[in-house]
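Beneath this line is the structure, given in structure tokens, with notes to follow.
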Amino acid sequence: TGAITPIVETSLTDPYSLTADRDGGRIVFAAPVSTVDETGAQIGSDLFLHDRRQGTTTRLTERGALRHPALSPDGSSLFAVRQEKEFASLVEIEMETGIQRLVLRIAGSNLFTPFVRDDSASIVFAVNIRGKQDIAQIDIDVPRFPIVRDLGEAWNADRVVFLTDTAAAEYYPRQSGNYLVYGSDANNLLELYQLDLRSGVSSLLVTDPIGA
């Protein structure tokens, strides 16, 4: 009928802080949370799990500074971007306990919009390193490091594989079958590209003549 049925009424940390498993039964989102400590009121971002089968919503983390969650296709693993002052890292969250384990930290970088590939073998994300923004991936089975505090040192940075390497900035990667689809500001325009994951060849799909 085209009718829209609300599932959860909530604010999101940003428009990209939402993920679901393959069949849509589990939905994880990041929402702003206000807390008060010795320094006063703080606005953070934590993760929540909505189980559509049970009709329940559960808070997964406390004071997590987390956004851009990414569920594996089968819903068994959860990853997210963790803000660390002006930079960000990629973490895995244990859904039963909320414990965070560091997956990737690249010195002086910010990470955005990760997702787990259909084969659950790797995580793809956008990464900005000192102003240069590309699409990259890391194997899902790399060693983890329990987060105790923000140490700032690199972790698994040498295991990153860059899928793009251009002068343009690339954004919002998503998988479509054997292709990785992503946005780019190449040619000073907003363009959509596809990367053949078998050959590594990128090709232009569409150019927005107005966007920039």
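The values are calculated or read from the model by the stated rules, or taken from the named source; none is laboratory data. Treat the numbers as computed from the prediction; the structure is a model and nothing was measured. Positions of Cβ are generated from backbone atoms using ideal geometry, with glycine treated the same way; all protein chains shown enter the neighbour counts. For the accessible areas, the whole protein counts, side chains as well, though only heavy atoms, and no ligand, DNA or RNA atoms are used. Shrake-Rupley method; radii C 1.70, N 1.55, O 1.52, S 1.80 Å.
Among the residues of segment 120-143, write down those that are open to solvent by 50 Å² or more (accessible area, probe 1.4 Å), closer than 22 Å to GLU86 by Cα and either in contact (Cβ under 8 Å) with a residue 12 or more places away in the chain or among the basic types (Lys, Arg) (or both).
Result: ARG130, LYS132.
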Checklist entry - What is the number of the single condition among (1) under 14 Å from VAL103 (Cα atoms); (2) touching a Leu at 6+ places or on another chain (Cβ under 9 Å); (3) open to solvent by less than 80 Å² (accessible area, probe 1.4 Å) that ARG159 does not meet? => result (3)
Checklist entry - Do you know which of the residues in segment 38-91 that are open to solvent by less than 10 Å² (accessible area, probe 1.4 Å) and of a type in the set (Val, Ile, Thr) is farthest from LEU102 (Cα to Cα)? => result THR61
Checklist entry - If you take just the strands (runs of 3 or more DSSP E) that sit entirely in segment 47-156, which of them hold at least 2 residues that are farther than 23 Å from SER176 by Cα and of a type in the set (D, E, K, R)? => result 78-84
Next on the checklist: Under 7 Å between Cβ atoms, which residue pairs at least 6 apart in sequence (or on different chains) link something in segment 38-62 that is modelled with pLDDT under 95 with a partner that is assigned to a strand (DSSP E or B) and open to solvent by 70 Å² or more (accessible area, probe 1.4 Å)?
Outcome noted: ALA41/SER34; ILE43/SER34
Checklist entry - Which one of the conditions (1) assigned to a strand (DSSP E or B); (2) without any contact (Cβ under 8 Å) to a residue 60 or more places away in the chain; (3) open to solvent by 40 Å² or more (accessible area, probe 1.4 Å) does TYR172 fail to meet, given that it meets all the rest? => result (2)
Checklist entry - Among the residues of segment 175-193 satisfying the criterion of being closer than 28 Å to GLY108 by Cα and among the polar types (S, T, N, Q), which is least open to solvent (accessible area, probe 1.4 Å)? => result SER184
